[in-house]
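Following: one structure in structure tokens, then a few remarks.
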Amino acid sequence: MNQWHFAVVVGINKYPAIRDLKFAKGDAEEFAKWLQDPMGGALSEDNIITIVADVPDGTSREKAIPTRKEVVCALRKFRDKVNDHIKENPSDWERTRLYFYVSGHGIAPEPRDAALLMADSGPEDYGENVACSLLLDFLLKNQPFHELVIFADCCRERVTGAPLGGFPWTLTERNNGQVLKIVGCATYFGDLAYEPSEEETKKPDELRGYFTKALLEGLRGNASRNNEGFIDSNTLGQYVVRRVGELTEHRANKQVPTMDADPGNPIIFGKAHGSGSKGTVKYQIRLKFGKKYDGIVELRGGDNTIIERHNTAEGDWVVELSNGLYRVTPENKAGAMNFRDKGFFEVLGDKIDVELCREI
């Protein structure tokens, strides 16, 4: 277990003064499930606060829950617990991490904002929100946690007249060291985040918002590198951006998420399930040479070790590969031709056809 990792997870479906959502609550609960999974976030149950609610029909806006106060109290609880421990055990600071995940309706008065609207918000009360940008600003200066992981699966509609929902804490600036972060938003500033239709899946219990679906796929293994099997903030960001684009390419406006992380200081989320073993997720990859190359070729992994060989005279080469970077090279280097992209290709969570030979 990751003893000094903590998480506050919020999901809101019911908005008495706004249109209800279908999947935000389930998305939050599924993310909390990953957090507690020993093969996932590996947090103890006591270190996770999941804030969701089943609000009865007919509830007034003023009585709707959850509210901003519940989120603030949950965050304060974990912040204070870590601060008290670090005072006596400063070397443990580098072991600390906060996950903050929110799903529901959202607004963005300014480009760097992603503010979750709380259940008691409405067209005249959009100030009832929790602003991820203000939380990030506070935590970067107060530094209770070494690593910050913030994910917002919500729209970022420009509502310029709405005040951002901040935090009532008195700021004491600290310098414990470099704070690592990743901030993932379901969509660009001013854009909408979509929910899929029930026709898009045959398993209603697996319905997820597009961003959360991609996020959980990545965290559960699809965002790992082939060689090491590790998932970090860089590989996760690359996977989520590409995958959300694939999931929404059928829509009139494709959803484009943002994943802001420091490439030089990645946050490590762990290894893929079954990495390097029989349980690794693999995809069917078809390597196509046509009639432009005739000879033996070698398939190499990201560390340049040879995985398999193939005679192109036998036609297309179909292989099963997990996520990662690969390269195809001619066995006879003296007779090498220029393969497309120098023979490099990447597997990222789906089957693909790879055209290796350039047009003559």
Item to check | Degrees between helix 68-88 axis and first principal axis of the chain (Cα, 0 to 90, nearest 10) | outcome: 80 degrees
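Return the loop-located GluC sites (Glu not before Pro) in the stretch 140-176 (DSSP other than H, G, I, E, B) with at most 11 other Cβ atoms within 10 Å of their own Cβ; answer none if there are none. Let's see the in-between values first.
On the way: sites: 147, 157, 173; in loops: 173.
Loop-located and lightly packed - 173.
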Checklist entry - What percentages, rounded to whole numbers, describe P(r) for the chain computed over all alpha carbon pairs with 10 Å bin width beginning at zero? => result 5, 22, 29, 22, 13, 7, 3, 0
Next on the checklist: So if I take the centroid of the Cα atoms in the stretch 84-108 and the same for the stretch 1-75, what is the distance between those two points in Å?
Outcome noted: 16 Å
Checklist outcome for this item: Taking Cα pairs closer than 8 Å and at least 6 residues apart, the relative contact order of the stretch 231-272 in percent is 58 percent
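On a 1.4 Å probe surface of the protein chains, which of 256, 55 comes out largest in accessible area, and what is the full order?
Numbers: 256 55, 55 15 Å².
The most accessible residue leads, giving 256, 55.
Which order do 267, 49 take when ranked by solvent-accessible area (1.4 Å probe, heavy atoms of all protein chains), largest first? Can you show the working numbers first?
Working: 267 0, 49 40 Å².
Of 267, 49, the descending order of accessible area is 49, 267.
Can you give the % of DSSP beta bridges in the stretch 1-154 that are antiparallel, to the nearest 5? The partial results should precede the final answer.
Values: 5 of 23 bridges.
Counting DSSP beta bridges with both partners in the stretch 1-154, the antiparallel share is about 20 percent.
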Checklist entry - If you line up the long axis of helix 24-36 against the longest principal axis of the chain, both from Cα atoms, how many degrees apart are they, to the nearest 10? => result 70 degrees
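Report the antiparallel proportion of the DSSP beta bridges in the chain as a percent, rounded to a multiple of 5.
Working: 31 of 60 bridges.
Of all bridge pairs located within the chain, approximately 50 percent are antiparallel.
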Item to check | the stretch 109-187: relative contact order in percent, alpha carbon pairs under 8 Å with at least 6 residues between | outcome: 39 percent
Item to check | Normalised contact order of the chain, rounded percent, pairs of Cα under 8 Å and 6 or more residues apart | outcome: 13 percent
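Looking at the stretch 119-220, which chymotrypsin sites (Phe, Trp or Tyr not before Pro) are in a loop (DSSP not H, G, I, E or B) and have at most 16 other Cβ atoms within 10 Å?
Details: sites: 126, 138, 145, 151, 169, 188, 189, 194, 210, 211; in loops: 126, 145, 169, 188, 189, 194.
Passing both the DSSP loop test and the Cβ count: 169, 188, 189.
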Checklist entry - How much accessible area does residue 170 have with a 1.4 Å probe, in Å² rounded to the nearest 10? => result 120 Å²
Next on the checklist: Rounding to the nearest 10 and keeping the result within 0 to 90°, find how far the Cα-based axis of helix 233-247 lies from the longest principal axis of the chain.
Outcome noted: 80 degrees
Next on the checklist: Could you report the accessible area of residue 73 in Å², rounded to 10, computed with a 1.4 Å probe on the protein chains as they sit in the structure?
Outcome noted: 60 Å²
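Rounded to the nearest 500, what is the chain's calculated 222 nm mean residue ellipticity when only DSSP H runs of at least 4 contribute -39500 (n - 2.57) each, over all residues? Could the numbers behind the result be given before it?
Working: 5 runs with 68 residues, N = 360.
Using -39500 (n - 2.57) per qualifying helix, the result is -6000 deg cm²/dmol.
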Item to check | 85, 310, 250, ranked by accessible area, largest first (probe 1.4 Å) | outcome: 250, 85, 310
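The values are calculated or read from the model by the stated rules, or taken from the named source; none is laboratory data. Here the structure is a predicted model, which is why all the values come from computation and not from measurement. Don't worry about glycine lacking a Cβ; one is built from the backbone with ideal geometry, like all the others, and counts go over all protein chains shown. Surface accessibility is based on the protein's heavy atoms, side chains included, excluding ligands, DNA and RNA. Shrake-Rupley method; radii C 1.70, N 1.55, O 1.52, S 1.80 Å.
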